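Student: Right, I'll just put the structure down here and ask away after.
The values are calculated or read from the model by the stated rules, or taken from the named source; none is laboratory data. The structure displayed is predicted, hence computed values, not measured ones. Using ideal geometry, Cβ is built from the backbone for each residue, glycine included, and neighbour counts are taken over all protein chains shown. Quick note on the areas: whole protein, heavy atoms, side chains included, nothing else; ligands and nucleic acids left out. Shrake-Rupley method; radii C 1.70, N 1.55, O 1.52, S 1.80 Å.
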Amino acid sequence: MMMQLTWLLTIPIILVLLWLAWRRPNRQRLGWRLVASMVAGISLVLLVFPPVTQQAINPSAAILLTEGYNPDTLKALQQQKAKLQVYTYQATSNVNGIPLNALLQLRQHQPGLQTLHVLGYGLPTQELAQLEGLSLQTHLTELPAGLQAVDWPQRVKLGQGVEVNGKYMAKAGKAILYLHAAGQLQDSVTLLPDSSQTFRLRYTPKVKGCAMYTLLQKKGSQTDTLGQLPVHVEEPQPLGVLLLAATPNFEFKFLKNHLGELQHRVAFRATISKNLSQSEWLNMPKTDLNRITPRLLQHFDVVITEPEALQNLSASERSVLQQAVSRDGLGVLSIAAAPATNRSTAFFTSFDTRRVSRQESRSVRASWAGTDAATAIAAPYTLVNAPALSALISESGKNVLAGARKAGWGKVAISLVPQTFPWQLEGKDKVYASYWATLLTAVAKEQVQEQFWQVTQPQFPKPNQPVQLTFTDYTSNGELTTATVTRLADSTSIHMPLAQHMHQPEKFSGDFWPRQSDWHQVQAAGTDPYFFFVQDSTGFTFESIASRRAATQAFAASQRLRQANAALAYRNEPVPLWWFFALFVLSSGFLWLEEKF
């Protein structure tokens, strides 16, 4: 009806303008005057009564733009026959979409919504719950270049090294990663452009307590902080160490004194002749070391010995030692100058080796977690990597100098570095201490924890995001209901309710919403405190992106239960008026100028 009225008004206006242009005595440019008069009349009417077009729309589907969406993907979706309404949520966009403050507003704007196309990095788990009942079609953006993954031990013993491992995808230009600790740069790695690489940074803490390290990235002249690396450095627990030497030697003498200075309980036995041995005890009462018995081994967490000393044991003593490893979790470390070939000691010394030098010994650059490479004298062999082998000490070229493997409840290990005491003679006490702390920590009997806390998710807690804390208590009677979370900077505390797991009654979990970045402590009644750090909101952004992608994909897979209704609707879309305004100005201007000249 409106269109008919528009043309009814247009026709007389055009006729009047054409008559005025025709009646002029000057017949020059008459054709142009008639065309301009017709265009001016039509554009004038269309300015007053704008025309509309019908646009097909799909009321059951829409597009949701999240952070990091790809404009090309959006353009491809918008080229469909039926237009989809675009919404934006926590994303900066130049698209004419409807911004949302909450996902629940989707159904308010579009009650018939059934299918939602999600673009960008996706949504976190807690917000996806608001889209229950919708079928999600994901068009997610890949992880951006830069840091892709990072991991490090967040609790270490004093003297034990911290090793930061990660993956980095570099684009144009090389990047340098730095580990900043104790007020200065401690380690670095250069990453080549246009490549995806793994990296490793090391540092050994010097003092106990809550330490904070920083991972830095340098590109060109710009240096950025990628994230904080919190580490809680604990006082090492004294271990019970039994040293069994085939003969008195400097290696075991220096090791005995070193372990004694660290307040470890040390018992030392060295064979002098067939029926004569030398015994010493440090930080522990004297016990009979002449024969290896189950009662004797109950006092120790690790046995450090030599293949020759194992051969000198009776068959029954080796059986007792083997059972202590398999059943009780004892650790046994053999220091060897060559592979052991005696079948009687195979349980302890059977590791695949490969000869790499014809000399009787060789100089190597040994490295382990948390320290730079150190020069050492090693056997002319290397351990062959295997799935069951855990590398403890390595050298350049990825050769393994010391490794361990599980043997029942305990571990057996071998070191092809027979002499480490020269480090002490050279004044390299820190290298010596770090080396043996690494081996002892890896091999010694694991302490059974009946109660412990852990951050279940996310990997990097951040302000204003839920942190799930889980307490495991194998001695619990099910009465634990609350825990106290304290911010260490100002000692502010809150009580966090705990819920017992239905299928794992020894576990209790609660959600904590931190407000600021800082060290925090969580503690339940009668338990030791657990320390965790809340990152700055800009730290380790890759983890947030990866978790949103994974959560969105998992939610989309669970919601594809039925096909959405594809019924189309139509709505009137006004034609842009600037076209008609431009035509009116041009045609009117031509008529005015033509009359003047």
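Student: Can you return the lysines within cross-link range of LYS83? Criterion is Cα-Cα under 25 Å, with same-chain partners fewer than 8 residues away left out.
Tutor: The reachable lysines, counting only those whose Cα sits under 25 Å from LYS83, are LYS75.
Student: Would you mind telling me the share, in percent, of accessible area of the chain contributed by carbon and sulfur at probe 1.4 angstrom?
Tutor: Result for the chain: 54 percent of the exposed heavy-atom area is carbon or sulfur.
Student: Compare ARG269, ARG327, ARG365 by solvent-accessible area with a 1.4 Å probe and give them largest first, with all protein chains kept in place.
Tutor: Reading off the accessible areas and sorting them downward yields ARG327, ARG365, ARG269.
Student: Further question: What is the helix-to-structure angle for 429-443, meaning the angle in degrees between its Cα long axis and the longest Cα principal axis of the chain, kept from 0 to 90 and rounded to the nearest 10?
Tutor: 80 degrees
Student: Using a Cα-Cα cut-off of under 17 Å, which lysines could be cross-linked to LYS462, ignoring same-chain neighbours fewer than 8 residues away?
Tutor: Those lysines meeting the cut-off do not exist here.
Student: OK, next. What net charge is computed for the residues neighbouring LYS256, neighbours being all others with C-beta under 11 Å from the C-beta of LYS256, Lys and Arg scored +1, Asp and Glu -1?
Tutor: -1
Student: How big is the accessible area of THR475 in square angstrom, nearest 10, if you roll a 1.4 angstrom probe over the protein chains?
Tutor: Number for this one is 80 Å².
Student: A follow-up question, please. Scan the stretch 315-418 for GluC sites (Glu not before Pro) in coil per DSSP, keeping those whose Cβ has at most 14 other Cβ atoms within 10 Å, and list them by number.
Tutor: GLU360
Student: With label points built 7 Å along Cα→Cβ from the Cα atoms of GLU426 and SER361, find their separation and express it in nm.
Tutor: Rounded to a tenth, the inter-label distance reads 1.2 nm.
Student: Give the angle, between 0 and 90 degrees and rounded to the nearest 10, that separates the Cα long axis of helix 578-596 from the longest principal axis of the Cα atoms of the chain.
Tutor: Helix 578-596 sits roughly 40 degrees off the main axis of the chain.
Student: Further, regarding this structure: Heavy-atom accessible area per residue, the chain, 1.4 Å probe: how many Å²?
Tutor: Per-residue accessible area for the chain comes out at 53 Å².
Student: Using only the alpha-carbon atoms, how far is helix 2-22 inclined from the longest principal axis of the chain? Give it as 0 to 90 degrees, nearest 10.
Tutor: Roughly 50 degrees, rounded to the nearest 10.
Student: If you take every residue apart from SER334 with its C-beta less than 11 Å away from the C-beta of SER334, what net charge results, scoring Lys and Arg +1 and Asp and Glu -1?
Tutor: With Lys, Arg at +1 and Asp, Glu at -1, the neighbours total -2.
Student: Right, next: Report the FRET efficiency, 1/(1 + (r/R0)^6), for SER196 and ALA391, where r is their Cβ-Cβ distance and R0 is 35 Å, rounded to 0.05.
Tutor: Efficiency for this residue pair is about 0.95.
Student: Amide H neighbours of LYS83 under 5 Å, counting only residues 5+ apart in sequence or on other chains, H built in-plane at 1.01 Å?
Tutor: Hits under the 5 Å cutoff: ALA56, ILE57, ASN58.
Student: Pairs LYS411/LYS507; LYS206/LYS398; LYS167/LYS218; LYS208/LYS398; LYS256/LYS428: which exceed 24 Å Cα-Cα?
Tutor: LYS411/LYS507; LYS206/LYS398; LYS208/LYS398
Student: Counting DSSP beta bridges in the chain, what percent are antiparallel, to the nearest 5?
Tutor: 70 percent
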